[in-house]
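All remarks here apply to the structure that follows.
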Amino acid sequence: MLSCKDVTRLCSQEQDRPLSLTERLNLRMHLAICKACTNFRQQLFFLRAATQRYREGRKTPDED
Amino acid sequence: MSTADVGTGIDWNDPSIEKIRRDMVRFAQLQLRDAGAAEDMVQEALFSAMKYESSFAGRSALKTWMFSILRNKIVDHIRKSSREIAGADLVSGSAEDGDDFDALFNERGHWNPEDKPPTWADPEASMSQQQFWDVFDACLEKLPPKTSRVFMMREFLDLDTDEICSELGISTSNCWVILHRARSGLRLCLDSNWFDNGEAAC
């Protein structure tokens, strides 16, 4: 079973490379019982969305 | 440069262009951490935009279009100059930052009760608030410079980790470690400075 620390590492790498099947299964098993890591993962998705907005110069909608 | 001969109707003297230019300078400075280079880059991007304005398709996305030109200029600049950044320097720099985020976990690798990431209340709504972006900027600037550089290349310039590794002469796993550290730092900073009132996860 992965520790939370391992899971946060995988959640980050998930943004940079395709995870292996084993990694995905282990991740899913852990997330099913761990709210803190689930939050962590969602927050990384949010960061991705925010930086994407940022780099497109759309920091706030309708500012032009 | 005259724009009178092109019929797309971009008024380069419009005050909104100056506002976009200022945002571009700010963006470039964050990427390059060099005010002079940032100004040069934005100048080049503006010249390109004027030169190729006929390829601009729709006015609503003008800023997005100009930012994409700027992003390409910055990527070119990094590709040309990154070999000047010593990869070894980057590696030792990351070791020096330490594993700050290890402190959030106990010896078995589980979250300390007080460090569990809480649920963030309506993060999507934050993105339409200027104050959120001010905090976001401040958090980005708080990242250690070398960590920030890798993060910027990945998230703002949209380079993949293989390219970042080869540009900076670092290993892929080192790249992942640095990116993980950047995301953890940014997450923690936003958590304590913006999403302060989230409920603790159990």
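The values are calculated or read from the model by the stated rules, or taken from the named source; none is laboratory data. Every value quoted in this text rests on a predicted model; they were computed, and no experiment measured them. All Cβ positions, even for glycine, are placed from backbone atoms using ideal geometry, and neighbour counts span all protein chains on display. Only protein heavy atoms, including side chains, enter the accessible area calculation; ligands, DNA and RNA are left aside. Shrake-Rupley method; radii C 1.70, N 1.55, O 1.52, S 1.80 Å.
Taking 0.36 nm per residue of sequence separation and removing the Cα-Cα distance, the B:Asp100/B:Thr64 pair yields an extension gain of 9.4 nm. 3J(HN,Hα) along the range B:61-77: 9, 3, 5, 4, 4, 5, 5, 5, 5, 4, 4, 4, 4, 5, 4, 4, 4 Hz, from the Karplus curve 6.51 cos²θ - 1.76 cosθ + 1.60 with θ = phi - 60°, whole Hz, x for Gly and Pro. Reported to the nearest whole Å, the Cα centre-to-centre distance from the range B:101-117 to the range B:35-81 is 43. Sequence-ordered 3J(HN,Hα) estimates for the range B:165-176 from the Karplus curve with 6.51, -1.76 and 1.60 and θ = phi - 60° stand at 4, 6, 4, 9, x, 10, 6, 4, 5, 5, 4, 4 Hz, glycine and proline given as x. Can you send over the carbon and sulfur percentage of the accessible area for the range B:85-193, probe radius 1.4 Å, protein chains only? Answer for the range B:85-193: carbon and sulfur cover 50 percent of the accessible area. Residues whose amide H falls under 5 Å from that of A:Asp16, counting only those 5 or more places apart or on a different chain, are absent, with hydrogens built in the peptide plane. Annotation: amide H-H contacts under 5 Å for B:Thr119 (H modelled 1.01 Å from N, sequence separation of 5 or more, or interchain): B:Glu199, B:Ala201. With the simple spin-label model, which puts each label point 7 Å out from Cα in the Cβ direction, the B:Ser55 to B:Asp160 separation comes to 2.3 nm. In order along the range B:187-193, phi translates into HN-Hα couplings of 4, 5, 5, 5, 4, 7, 9 Hz, rounded to whole numbers, per the Karplus curve 6.51 cos²θ - 1.76 cosθ + 1.60 with θ = phi - 60° and x for Gly and Pro. Cysteines in chain A lacking any other cysteine Cβ under 4.7 Å from their own Cβ: A:Cys4, A:Cys11. Averaged over its residues, chain A has an accessible area of 49 Å² per residue, based on protein heavy atoms and a 1.4 Å probe.
Straight-line reach from A:Lys35: taking Cα to Cα under 28 Å and skipping same-chain neighbours fewer than 8 places apart, the lysines in range are A:Lys5, B:Lys116, B:Lys142. Extension gain, B:Glu44-B:Thr172: 0.36 nm per intervening residue step, less the Cα-Cα distance, totals 42.9 nm. Accessible surface calculations at 1.4 Å, restricted to protein heavy atoms, place the range B:99-202 at 45 Å² per residue. For a straight C-alpha distance cut-off of 17 angstrom, no lysines are reachable from B:Lys80 once same-chain residues fewer than eight places away are disregarded.
Counting only lysines at least 8 places from B:Lys73 when in the same chain, those with an alpha carbon closer than 19 Å to its own are B:Lys51, B:Lys63. Scanning residues 5 or more positions from B:Phe105 or on other chains, those with amide H under 5 Å from its amide H are B:Asn112, with H placed 1.01 Å from N in the peptide plane.
On chain A, 53 percent of the accessible area sits on carbon and sulfur atoms, based on a 1.4 Å probe. Span-like helix check, chain A: qualifying full DSSP H segments, with Cα axial length of 18 Å or more and mean Kyte-Doolittle of 0.0 or more, are A:21-33.
Calculated mean residue ellipticity at 222 nm for chain A: -22500 deg cm²/dmol, from DSSP H runs with n ≥ 4 weighted as -39500 (n - 2.57), summed, divided by the residue count and rounded to 500.
If one takes the accessible area of chain B alone plus chain A alone and subtracts that of the pair, with a 1.4 Å probe, what total in Å², rounded to the nearest 100, results? Spell out each step's value before the answer.
Numbers: alone 11800 and 5150 Å², together 13200 Å².
Summing both chains' loss of accessible area gives about 3700 Å².
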